[in-house]
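Enquirer: My structure is below; once you've seen it, I'll send some questions.
The values are calculated or read from the model by the stated rules, or taken from the named source; none is laboratory data. Values in this document were obtained by computation on a predicted structure and should not be read as measured data. Note that we place each Cβ from the backbone using ideal geometry, even for glycine, and neighbour counts take in every protein chain shown. Quick note on the areas: whole protein, heavy atoms, side chains included, nothing else; ligands and nucleic acids left out. Shrake-Rupley method; radii C 1.70, N 1.55, O 1.52, S 1.80 Å.
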Amino acid sequence: MLRITEIKLPLDHSEDDLKSAILKKLQIKPEDLISYSIFKRSYDARKKTDIYLVYIVDLETTQEQQLLDRFKKDPHVLMTPDMSYHYVAKAPSHLTTRPIVIGMGPAGMFAGLMLAQMGFRPIILERGKAVRDRTADTFNFWKKRSEFNPESNAQFGEGGAGTFSDGKLYSQVKDPQHYGRKVITEFVNAGASPEILYINKPHIGTFKLVGIVQNIRAKIESLGGEIRFQSRVEDIDIQDGKAKGVTLANGEYLASSHIVLAVGHSARDTFQMLYDRGVYIEAKPFSIGFRIEHPQTLIDRARFGDYAGHKILGAADYKLVHHCQNGRSVYSFCMCPGGLVVAATSEVGRVVTNGMSQYSRNERNANSGIVVGISPDDYPEHPLAGIEFQRRLESHAFELGGGTYAAPAQLVGDFLANRPSQTLGKVHPSYTPDVHLGDLSSSLPDYAIAAIREALPVFNRQIKGFAMEDALLTGVETRTSSPIRIKRNEKYQSLNTEGLFPTGEGAGYAGGILSAGIDGIKVAEAVALSIRSSG
């Protein structure tokens, strides 16, 4: 097959227009084109008065070799690369070791799925509930229908933290082996819209993710995998530097010499247990800040001009960064077009915010994190010190919100003027259970507050209205990424614990659904090869 890149067409083009563009580019007759499919569709909105679509197309033609010869100097016509997935191993007929996967977030889910597809019948242990029960617990807490459950919430449970996000499926990680294609293909096989295979910046949305996660679970089980919910790992048995098994909170012991550690970035008790057992852990940078909300129509207009609201463009997003005078960097994080700010705590008496969108992205507000990068230099030198740093901010946010899981909030105009907010403006907060207006200046360290105050007017020059008086800041955003890294070697095993395979966000090797899924695949391959080589 051939691949053509950089086919540019207006927003309102027809399917015939795309076919005509292919024929024109290759200078072939209609009968020479056997078939074609869209590999990627994006848009170029650098000029708001001239927004157009950009296609990458794969096609079959009767003139393949002739066209390759004719366009050999054209970088936009080339052979389609092989992006199909090839399994690295197959389980032996008499499997003596069943690998254990701890965590059923994206990394654990794809590690488990891959191991199951290769015949290794993994046992997946998830401390939280199945995704539908977990969703009910989370939404009931948000709507004040039930108490907060520290074992079933926006962080813990089947699907991981990504279930209550925008469901974004794009990443900046290098992926020369096309693992990301495997991840997205499995989502489509489980019920996601086929368009996520080709649209730029694909996303699924929370409600759709629930059913998709259930279908992936069913596939794992149909292949011999076992999934246990409400099965928190209390301890890992390590003998002479080798993992031997796990002990669950109910006292049950499961033996295995191959343990995939796919806990999320909020599994703080697990991190402490690993540190106490001597597993090598180091502190790593992460970011802290607030969620900011604007009317989605403001963002659409700023990004798309007169094309705002166009169906094919959907709700507009943005990506912003500013390097401050005090040496800090402030940037937008996890931008959720047409979404909600949500309560994302995993511990009693703490407030944490995050963003979430449904597939339609049709809520009234746009939101994103406005966060400041920090490093281990900002807190006492200890591998787990970042966790305590997060906890202090989250506990203070709980107090500022009135001690009811309401989140502290402040209008942008008041924040920039350093005065408390007393009444809401035009932007209605989406965070539930509730928000408590006041002064956010004590909610983050002084250097972070100063950096955000410097960055907002700069962002306003890039997106007109970004620093509008009535835009709303809600605190605090602390779970941008894991505050630790469980370092691993070239075989994807812990540096000092053989048979322990750290993966995903919690281990410090991913930052989102797609990158976590990719990392889970890599670790599953390492486990499969290790089991095969050990007999």
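Enquirer: Going by the alpha-carbon gyration tensor, a ≥ b ≥ c the square roots of its eigenvalues, is the range 230-277 rounded (a/c under 1.5) or, if a/c is not under 1.5, prolate (a/b greater than b/c) versus oblate?
Expert: Oblate.
Enquirer: Return the percentage of antiparallel bridges among DSSP beta bridges fully within the chain, rounded to the nearest 5 %.
Expert: Just about 80 percent of them are antiparallel.
Enquirer: Whole number in Å², please: accessible area per residue of the range 392-489, 1.4 Å probe, ligands, DNA and RNA not counted.
Expert: 39 Å²
Enquirer: Given a 1.4 angstrom probe, what's the average accessible area per residue across the range 78-140, in square angstrom?
Expert: Heavy-atom SASA per residue in the range 78-140 reads 37 Å².
Enquirer: Which residues' amide hydrogens lie under 5 Å from the amide hydrogen of residue 245, considering only partners 5 or more residues apart or on another chain, with H built in the peptide plane?
Expert: Result for residue 245 returns 237, 256.
Enquirer: Residue 78 label point, 7 Å along Cα→Cβ, cut-off 20 Å on backbone N: hits in the range 166-182?
Expert: Answer for the range 166-182: 171-182.
Enquirer: Take the alpha-carbon centre of the range 263-281, take the same for the range 183-231, and report the distance between them in whole Å.
Expert: Spelled out, the Cα-based centre of one part sits 27 Å from the other.
Enquirer: Return the long-range amide H neighbours of residue 484 (sequence gap of 5 or more, or a different chain), with a cut-off of under 5 Å between placed amide H atoms.
Expert: Hits under the 5 Å cutoff: 284.
Enquirer: Here's something else I'd like to know. So, for the range 242-380, what is the accessible surface per residue at a probe of 1.4 Å, expressed in square angstrom?
Expert: Ligands and nucleic acids excluded, the figure is 37 Å² per residue.
Enquirer: Taking K and R as +1 and D and E as -1, what net charge do the other residues with C-beta under 14 Å from the C-beta of residue 397 add up to?
Expert: -1
Enquirer: Follow-up question, since we're still on this one. How far, in nm, would the chain grow between residue 62 and residue 237 when pulled straight, counting 0.36 nm per residue and subtracting the alpha carbon separation?
Expert: Result: 56.9 nm gained on full extension.
Enquirer: Rank-order 340-346, 103-109, 236-242, 315-321 by packing density, defined as the average count of other C-beta atoms within 10 Å over each peptide's residues, highest first.
Expert: 103-109, 340-346, 315-321, 236-242
Enquirer: If packing is taken as the mean number of other Cβ atoms within 10 Å per residue, what is the order of 445-453, 286-294, 119-127, highest first?
Expert: Going from most to least packed, we get 286-294, 119-127, 445-453.
Enquirer: Next question. Rounded, prolate or oblate for the chain? Axes are the square roots of the Cα gyration tensor eigenvalues, ordered a ≥ b ≥ c, and the cut-off for rounded is a/c under 1.5.
Expert: In terms of gyration-tensor shape, oblate.
Enquirer: Could you calculate the FRET efficiency of residue 311 with residue 188 from 1/(1 + (r/R0)^6), where r is the beta carbon distance between them and R0 is 25 Å, rounded to 0.05?
Expert: 0.70
Enquirer: Once you list every other residue whose beta carbon is under 15 Å from the beta carbon of residue 31, what net charge do they have if Lys and Arg are +1 and Asp and Glu are -1?
Expert: My count for the surroundings of residue 31 gives -1.
Enquirer: Note down the relative contact order for the chain as a percent, whole number, built from C-alpha pairs under 8 angstrom at least six residues apart.
Expert: Computed value for the chain: 18 percent relative contact order.
Enquirer: At what distance in angstrom do the alpha carbon centres of the range 440-457 and the range 458-510 lie from each other?
Expert: 19 Å
Enquirer: At 222 nm, what value in deg cm²/dmol follows for the chain if DSSP H runs of at least 4 each add -39500 (n - 2.57) and the sum is divided by all its residues, to the nearest 500?
Expert: -8500 deg cm²/dmol
Enquirer: Would you work out if the range 120-208 is rounded, prolate or oblate? Take a ≥ b ≥ c from the square roots of the eigenvalues of the alpha-carbon gyration tensor; rounded if a/c is under 1.5, else prolate when a/b is larger than b/c, oblate otherwise.
Expert: It is prolate, given that a/c is not under 1.5 and a/b is the larger ratio.
Enquirer: Then there's this: What's the carbon and sulfur percent of the range 238-387's accessible surface, probe 1.4 angstrom, rounded to a whole number?
Expert: The C+S portion of the solvent-accessible surface of the range 238-387 is 49 percent.
Enquirer: Can you work out ³J(HN,Hα) from phi for every residue in the range 427-444, in order, using Karplus 6.51 cos²θ - 1.76 cosθ + 1.60 and θ = phi - 60°, giving whole Hz and x for Gly and Pro?
Expert: 8, 8, x, 9, 5, 10, x, 5, 10, 10, 5, x, 10, 8, 5, 9, 7, 10
Enquirer: Given a cut-off of 27 Å, name the pairs among 19/47; 143/208; 129/487; 19/201; 73/182 whose C-alpha atoms lie farther apart than that in the structure shown.
Expert: Among 19/47; 143/208; 129/487; 19/201; 73/182, the Cα-Cα distance tops 27 Å for 129/487; 73/182.
Enquirer: Note down the magnitude of the dipole of the range 194-301 about its Cα centre, charges +1 on Lys and Arg C-beta and -1 on Asp and Glu C-beta and zero elsewhere, to the nearest 20 debye.
Expert: 360 debye
Enquirer: Here's another thing I want to ask about it. Where does the charge balance sit around residue 82 when Lys and Arg score +1, Asp and Glu -1, over other residues with C-beta under 13 Å from its C-beta?
Expert: Residues near residue 82 contribute +2 overall.
Enquirer: Moving on to the next point. Can you give me the % of accessible surface on the range 1-145 that is carbon or sulfur? Probe 1.4 Å, all protein chains present, nothing else counted.
Expert: That fraction is 49 percent.
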